[in-house]
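A.B. asks: This is the structure, below, for whatever I ask next.
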Amino acid sequence: MAWINLEQFCSNVDVTEQDENWNKPYLVIILICLYTVQNILGLDAVRLSDLKVKQTAIISKVNRTLDGNIAQNDLVASRLETLGFVPGTKVQVITKGIFGGDPILIQVGFTRFALRKVEAEKIEINLEGAPA
């Protein structure tokens, strides 16, 4: 499913030109709602497992719930936080495994960790240089 970038959509449309789409204001309202829901739910989040080799990022969140169930805490995510994977920390992917990119060698500070993909997917990041 392709996500809608509202700024890009609005910059590509000439609002001075009367077009059949702009005669239907509900389309604009729908786009704004989709954009808002996408940002609130974090659907555009990038995971640590998505980083390429030598790419650097900042940790924004560690998902501590198990499969979206708020009642169950994920022990692996708690352990990752104990090891230093906390929001605001700079991380870098050093290398990935040959078969399917598993495990992933991650550097946090001067320490390197080998994480499985499923473990790295628990960590949400902001790419370095991208707006937060």
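The values are calculated or read from the model by the stated rules, or taken from the named source; none is laboratory data. Predicted model, so just to flag it, every value in this text is computed and none were measured. Positions of Cβ are generated from backbone atoms using ideal geometry, with glycine treated the same way; all protein chains shown enter the neighbour counts. Surface accessibility is based on the protein's heavy atoms, side chains included, excluding ligands, DNA and RNA. Shrake-Rupley method; radii C 1.70, N 1.55, O 1.52, S 1.80 Å.
A.B. asks: Residue check: is THR36 at pLDDT 85 or above, of a type in the set (Val, Ile, Thr) and not in a loop (DSSP other than H, G, I, E, B)?
C.D. replies: Working: at pLDDT 85 or above: no; of a type in the set (Val, Ile, Thr): yes; not in a loop (DSSP other than H, G, I, E, B): yes.
Here the answer is no, as THR36 does not meet what is asked.
A.B. asks: Taking the condition modelled with pLDDT of 90 or more and more than 19 Å from ALA45 (Cα to Cα), does THR95 pass?
C.D. replies: Judged against the criteria, THR95 is a match.
A.B. asks: Which of the residues that make up the range 87-124 are over 22 Å from ASP74 (Cα atoms), hydrophobic (A, V, I, L, M, F, W, C) and not in a strand (DSSP E or B)?
C.D. replies: ILE98, PHE99, PHE110 - these are the residues of the range 87-124 that are over 22 Å from ASP74 (Cα atoms), hydrophobic (A, V, I, L, M, F, W, C) and not in a strand (DSSP E or B).
A.B. asks: Cβ-Cβ below 8 Å, separation at least six or inter-chain, first residue in the range 74-96 and under 15 Å from SER49 (Cα atoms), second assigned to a strand (DSSP E or B) and open to solvent by 60 Å² or more (accessible area, probe 1.4 Å): which pairs?
C.D. replies: Listed pairs, sorted by first residue: ILE94/ARG112.
A.B. asks: I'd like to know if the range 68-80 contains one or more residues that are in a loop (DSSP other than H, G, I, E, B) and either modelled with pLDDT of 75 or more or surrounded by 13 or more Cβ atoms within 10 Å (Cβ to Cβ) (or both).
C.D. replies: yes
A.B. asks: Next question, about the same structure. Under 7 Å between Cβ atoms, at least 6 apart or on separate chains: pull out the pairs that start in the range 102-122 with a residue that is open to solvent by less than 50 Å² (accessible area, probe 1.4 Å) and end on any residue that is of a type in the set (Val, Ile, Thr) and not in a strand (DSSP E or B).
C.D. replies: VAL108/THR89; GLU119/VAL76; LYS122/VAL76
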